[in-house]
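Below is one structure, written out as structure tokens, with a few remarks after it.
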Amino acid sequence: MNRPSHKELIGKLRVARLAVQTGQVALLNQSALATDAIELDYSIATELNTVLTELLEDAAPADYTGSRPPQRSYEQDIQGLDLFAFSLESKRFKCRVYLKFSMAGKLFCLVSLHLDRLAKEES
């Protein structure tokens, strides 16, 4: 089977949206996330949940850019968990962004959120 399937991606996005909406969000590599937030011009403290909600609402299985099967995390806090990467157009940021996350049960673990560097290289 070629994981993740369309159905699995729909399920991961649904579970991720629910976790963000209920405030169950963990930030991995906070210094990198902060640097990327500055580049995208949003505040992690006040806007992160809104930004994540908007991106997860807009994300679709066709936006999945991760590997098949999903890469496994080497980060200590989420070691061995599947990583789900998406590249999509953001209405808020008016550019393509790259979003990578993992789910630890009902906890949304944000790994990366930044300008899509591949899209930036192509322009």
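List of remarks:
- In the range 80-101, the residues that are free of Cβ contacts under 8 Å to residues at least 60 places away in the same chain and basic (Lys, Arg) form Cβ pairs under 6 Å with partners that are in a strand (DSSP E or B) and surrounded by 20 or more Cβ atoms within 10 Å (Cβ to Cβ), at six or more places apart or across chains, as follows: Lys100/Val111.
- Tally of residues being part of a loop (DSSP other than H, G, I, E, B) and either surrounded by 14 or more Cβ atoms within 10 Å (Cβ to Cβ) or within 14 Å of the chain's Cα centre (by Cα) (or both) across the range 1-34: 4
- The residues in the range 52-62 that are in a loop (DSSP other than H, G, I, E, B) and surrounded by fewer than 17 Cβ atoms within 10 Å (Cβ to Cβ) can be counted, and the count is 1.
- Residue in the range 71-87 that is at pLDDT below 95, of a type in the set (D, E, K, R) and either in contact with a Lys or Arg (Cβ under 9 Å, 6 or more places away or on another chain) or assigned to a strand (DSSP E or B) (or both) present: no
- One residue stands out in the range 88-111 among those that are over 15 Å from Asp36 (Cα atoms) and small (Gly, Ala, Ser): the one that is farthest from the chain's Cα centre (by Cα), namely Gly105.
- Of note, Asn49 does not satisfy the criterion of being more than 18 Å from Arg96 (Cβ to Cβ) and in a loop (DSSP other than H, G, I, E, B).
- Of all residues in the range 35-51, those that are among the charged types (D, E, K, R) and buried (at least 17 other Cβ atoms within 10 Å of the Cβ) total 1.
- Of residues in the range 82-92 being touching a strand residue (DSSP E or B) at 6+ places or on another chain (Cβ under 8 Å) and over 15 Å from Asn29 (Cβ atoms), the one surrounded by the most Cβ atoms within 10 Å (Cβ to Cβ): Phe86
- Taken over the range 1-28, the criterion of being in contact with a strand residue (DSSP E or B) (Cβ under 7 Å, 6 or more places away or on another chain) and among the polar types (S, T, N, Q) is satisfied by Gln24 alone.
The values are calculated or read from the model by the stated rules, or taken from the named source; none is laboratory data. This structure is a prediction, so every number in the text was calculated from the model and none was measured. Glycine also receives a Cβ, built like all others from the backbone with ideal geometry; neighbour counts cover every protein chain displayed.
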